[in-house]
Every structure is written in C-alpha cells, then in structure tokens.
Amino acid sequence: MLRSSSTAARAWSLVFVVVSLVLLGALVAGADEVADVAQWCAMPVLAAALVTATRWPRGRLATWALVALGCSWLGDTLPATTDGDAAFLLMVGGFLLAQVAYVVAFAPDARRSVALRRPVLLVPYAVVLVALVGLCAPHAGALLVPVAVYGGVLVAMAVLATGVSRLAGAAAAVFVVSDALIALEAFVPWWHLPGQDVAVMLTYLVAQALLVVAVVQRNRGERQAPPLPVVRRTPAPKPDNVVALVV
C-alpha cells in the first residue's frame, strides 16, 4: 500500500492487509467473534501505517485524517456495548465525527474541488443524497434526522475530497457506497444484497486505505516541493554628502 515508505510503514500496511483479509474471511465463514475483533483492530493498524509513513510535523491534512481514523474506530467498537437503535446511533455518531474530521481535513482544498472547478459534477452527489434519504425516509422513523444529517456530511466530505486528489475523491466515493449499503439494509425492507456484510466491509476498508494513501502522497509532495526563493532587497545607497550639498 505504501511502497516507498519506511520499513515500519510497510510493516503496518502489511498488517492492515492481513487484518482486512481475516475480517472478510470471517464474515464469509460466519465467524462473527473473529470478525468483530478484526474490525476493532483495523483502524488502529491503519492509523499506525499513516503515522509511520509521515514525519513530524505532519500538517493539518494528516493530523485530521488521524482524528478521522480514531473516530471511525469508535464507530466500529461502541455498537458492541449495546444493541438495537442505541447501537445504531452509536455507530452513526462515531462515523459522523469521522466524516466531520475528514471535512475539516479537506476544507483547505475546497477551491480545487468539483464544487468550484466543475459545479455540474455536484449533480450526481445531490442525486445520490436525495435518493438515499428518500428511500430511507418511509421506514426511518425517529432516526430519519440523524440519518439525513449524516448523509449530508458524508456527501460534503466526498465533494471536498476531490480537491485533495483524484485518488482521494475516488476513495470518498467508495466510502459513500459503503455507508449507503448500511442505510439501505437498515431502512429499506425490500433491499436484499447477497453478501451484504462483506460488501459493506470491503468498501469501507478500501475507502479508508485509499484515503490514507492519498494523505501520505500529499504529505510527501509538500515535503519534496522546492522551497520558495528568498528575495533579498538591496538597500538603497546613501546619498553622498557632497553631491547632496551641490544639489
């Protein structure tokens, strides 16, 4: 995942791949306990890969990406402490904080995003948001407002990610797909996707991993950029006293 990184970063990246494969394999095999443990480990391992692939000071983008991974970990772990609507709200709350953190991370690049460069491309994002909320609304009940708020922040994150890089934009779009699958399963009675859990987790892991790669690429690009030339002003020569007297 991070080929040109340090040995530690490559090692953590390999661990993330292994954890992801164990998680997906456990979901396929129906080993829920193994899947839960693997899911709880995934984001900390990915955060370790990001930390070891970047150097201090990491800057705003990498720092807030780490915050987003931490909040995502809360979304992965807190639902296990309860069940029912409370568990769903804890998951939504954790990932809402994660999306807000990504929005803060990507906001400085808003001028390079499709929102300002190609506003027409905002239409697909708007269509996805309206369609998703519209499908969930009839059966969401009291959870409709949290779901709609989360959907709005999620789509805002995806739009802003396009300003970071094409890779970040693509990763954010995959994130939207992952969360849309969760919403459809939770609130749309006729939605039945074979391998739903695997599809959700696969898209989630891929999205987070690609976002980390995009952040690392930006971090390295900024560090390797040549420093701006220092312009030194030559002080104006002092007037000669004799010349000044003659004038």
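The values are calculated or read from the model by the stated rules, or taken from the named source; none is laboratory data. Please read all numbers here as calculations on a predicted model, not as lab measurements. Here the Cβ is made from the backbone with ideal geometry for all residues, glycine too, and neighbour counts use every protein chain on show. The area values use the complete protein model at the heavy-atom level, side chains included, leaving out ligands, DNA and RNA. Shrake-Rupley method; radii C 1.70, N 1.55, O 1.52, S 1.80 Å.
Condition first: assigned to a loop (DSSP other than H, G, I, E, B) and open to solvent by less than 20 Å² (accessible area, probe 1.4 Å). Can you find one or more residues in region 110-120 that meet it? Scanning region 110-120, I find at least one residue that is assigned to a loop (DSSP other than H, G, I, E, B) and open to solvent by less than 20 Å² (accessible area, probe 1.4 Å), so the answer is yes. Being surrounded by fewer than 22 Cβ atoms within 10 Å (Cβ to Cβ) and part of a loop (DSSP other than H, G, I, E, B), is that true of even one residue in region 18-29? Within region 18-29, not a single residue is surrounded by fewer than 22 Cβ atoms within 10 Å (Cβ to Cβ) and part of a loop (DSSP other than H, G, I, E, B). Note on region 62-80: residues that are under 16 Å from residue 209 (Cβ atoms) and open to solvent by less than 30 Å² (accessible area, probe 1.4 Å) total 6.
Remark: pairs (first residue in region 204-221, over 18 Å from residue 60 (Cα atoms); second residue of a type in the set (Ser, Thr, Tyr); Cβ separation under 7 Å; 6+ apart in sequence or on different chains) = 204/178; 205/20; 207/178. Contact map, region 106-122: first residue touching a residue at least 60 places away in the same chain (Cβ under 8 Å), second residue open to solvent by less than 100 Å² (accessible area, probe 1.4 Å) and not in a helix (DSSP H, G or I), Cβ cut-off under 8 Å, separation 6 or more or different chains; pairs are 106/113; 106/163; 106/164. For residue 140, are the conditions met, namely being closer than 22 Å to residue 61 by Cβ, assigned to a helix (DSSP H, G or I) and either small (Gly, Ala, Ser) or open to solvent by 40 Å² or more (accessible area, probe 1.4 Å) (or both)? Judged against the criteria, residue 140 is not a match.
A count restricted to region 80-99 and to residues that are in contact with a Phe, Trp or Tyr (Cβ under 9 Å, 6 or more places away or on another chain) and either over 18 Å from residue 180 (Cα atoms) or not in a helix (DSSP H, G or I) (or both) stands at 1.
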